[in-house]
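This report concerns only the one structure given below.
Every number here is computed from the coordinates shown, using simple stated rules; none is lab data. Bear in mind the structure is a predicted one, so any value in this text is a computation, not a measurement. Cβ: placed from backbone, ideal geometry, glycine included. Neighbour counts: every protein chain shown.
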Amino acid sequence: MTIGSFPFRYLGVPLHSRKLFYTECKPLIAKVVARVKTWTVRKLSYADRAQLIRSVLQGIQAYWCQIFLLPKKVLREIQTTLRSFLWTGMDTNSRKSPISWDYMCNKKVCGGLNFKEIITWNKAAIAKHFWALALKQDRLWIKWLHVYYIKQADVWTAAIPNRLSWAIKKILEARHLLIDLTTCNQFVYHNKFSIRKCYWFLRGEQPKVEWRRITCNSKASPKAIFITWMMLHGRLNIKTRLYQWGVVKDKHCPICNTADETLEHLFFTCDYSKAIWSRCLQLINVNITSDLATIISTVAKHSRKKHRHHQLLNMLFIECVYHIWIQRNRKVFDDQFLPPLQVIRQIVFAVACRCDCDVTQLIL
Ligand SMILES: [Zn+2]
């Protein structure tokens with residue numbers, strides 16, 4: 001049997017007791033970039049890419065993060081790759097995000113996309129190791145630390161010995177994140193430490209957005225929900241926004257060319273969108289004629305209720321915003337768009353496909 005040396009790899013992760021260098025974490029960055037590259041050749045919507053980031057890419061990081069504290073430079077580089085992938089579908093790009101990454105890491109009820117803010121997640125994962133140490137769990141490394149270094153001292157208050165390795169010091173330093181045992185107990189569920197609960201504690205309370213019911217738990221298509229989410233944040237690149245930045249020279253609505261292209265005009269007061277929106281409302285016998293803020297708050301109020309009429313209003317609103325946005329873009333980039341009647345058919349079809357049979361009968 002030959003004697004090996006540090007660092008060696010275990011399940012693809014380099015193991016070392018000292019601080020990991022940037023170069024040692026390159027395989028993690030390479031893994032994320034390799035995944036992104038295989039997906040960039042496919043035509044994915046924003047919602048598809050957001051789902052891939054949440055489920056696959058952040059899963060790779062979370063696995064590494066649960067083992068040791070990663071250099072911030074590595075985590076920031078991965079974050080940049082994910083951000084570019086979300087907004088451009090490419091692995092490298094310097095385009096600015098319409099919405100900051102930190103904001104997108106908020107819970108959906110707080111206006112975010114529920115992405116993991118991986119630097120804080122990494123801290124929460126390390127805090128879990130400290131919790132195991134404080135509880136003297138039956139593990140070899142914990143027993144060894146207690147016997148040789150901590151002895152009879154209190155892990156919450158004892159001075160951290162200088163001779164400890166970098167990794168162990170970081171685990172002990174995590175005690176200031178957990179504050180004390182009482183605070184720590186709120187992260188424990190069925191005798192297991194929840195990194196997720198600790199993560200949300202470290203992120204702090206975020207204010208909830210008023211329109212959260214529109215996008216949370218909606219049955220509309222994810223790609224339509226994503227565009228509506230951007231509209232609700234006022235971050236769609238409509239002409240009045242681009243005009244402010246000096247990107248375009250006129251701010252007229254590309255469809256009717258008679259008024260400025262604001263969110264209210266584009267989605268609700270333009271003759272084109274009014275024909276679509278009012279027909280959708282007629283289908284469920286609802287009448288909402290007001291300004292943008294009132295329409296949004298009315299739809300949000302309806303979205304809270306579970307009755308099928310309210311569910312339909314929510315879906316019709318989201319699909320309306322999405323289909324009007326698609327036609328608007330077709331007009332801007334291809335100089336053509338479908339007449340309102342055809343768009344209404346597409347909206348009704350999109351809603352009917354995602355509804356229960358009894359709900360579908362209400363609009364067909
Ligand atoms: Zn117009």
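Some points to look at:
- Shape summary: the chain maps onto an equivalent ellipsoid whose semi-axes, from the alpha-carbon gyration tensor, are 50, 23, 17 Å in decreasing order.
- With Cα atoms, 0 to 90° folded angle of helix 72-88 axis to the chain main axis: 20 degrees
- The charge dipole of region 73-150, taken about the Cα centre with unit charges on the Cβ atoms of Lys, Arg (+1) and Asp, Glu (-1), comes to about 120 debye, rounded to the nearest 20.
- Computed E for Lys192/Val147 - FRET, C-beta separation, R0 30 angstrom, nearest 0.05: 0.75
- The chain - percent relative contact order, Cα under 8 Å, separation 6 or more: 13 percent
- Solution diffusion estimate, µm²/s, Stokes-Einstein, region 273-364, Kirkwood Rh from C-alpha pairs, 37 °C, viscosity 0.692 mPa s: 240 µm²/s
- Square roots of 5 times each gyration tensor eigenvalue, C-alpha, region 173-217, largest first, Å: 27, 13, 8
- Kirkwood hydrodynamic radius (C-alpha pairs) into Stokes-Einstein, region 112-251, 20 °C and 1.002 mPa s, D in µm²/s: 113 µm²/s
- Taking amide H positions as modeled 1.01 Å from N, with prolines and chain starts lacking one, the residues under 5 Å from Val188 and 5 or more places away or on another chain are Ser194.
- Normalised size of region 233-282, defined as Cα radius of gyration per 2.2 N^0.38 Å with N residues, equals 1.21.
- Cα→Cβ-extended label distance, 7 Å offset, between Trp200 and Leu242, nm: 4.0 nm
- Charged side chains reduced to their Cβ positions (Lys and Arg at +1, Asp and Glu at -1) give the chain a dipole of some 1100 debye around its Cα centre.
- The three principal axes of the Cα atoms in region 15-136 give end-to-end lengths of 50, 36, 21 Å, sorted in falling order.
- Rg/Rh, computed from the Cα trace of region 121-203 with Rh as the Kirkwood radius, has the value 0.95.
- At 0.890 mPa s and 25 °C, Stokes diffusion of region 188-305 via Kirkwood alpha-carbon radius, µm² per second: 143 µm²/s
- Expected 222 nm ellipticity per residue - DSSP helices of 4 or more, -39500 (n - 2.57), all of the chain, to 500: -16000 deg cm²/dmol
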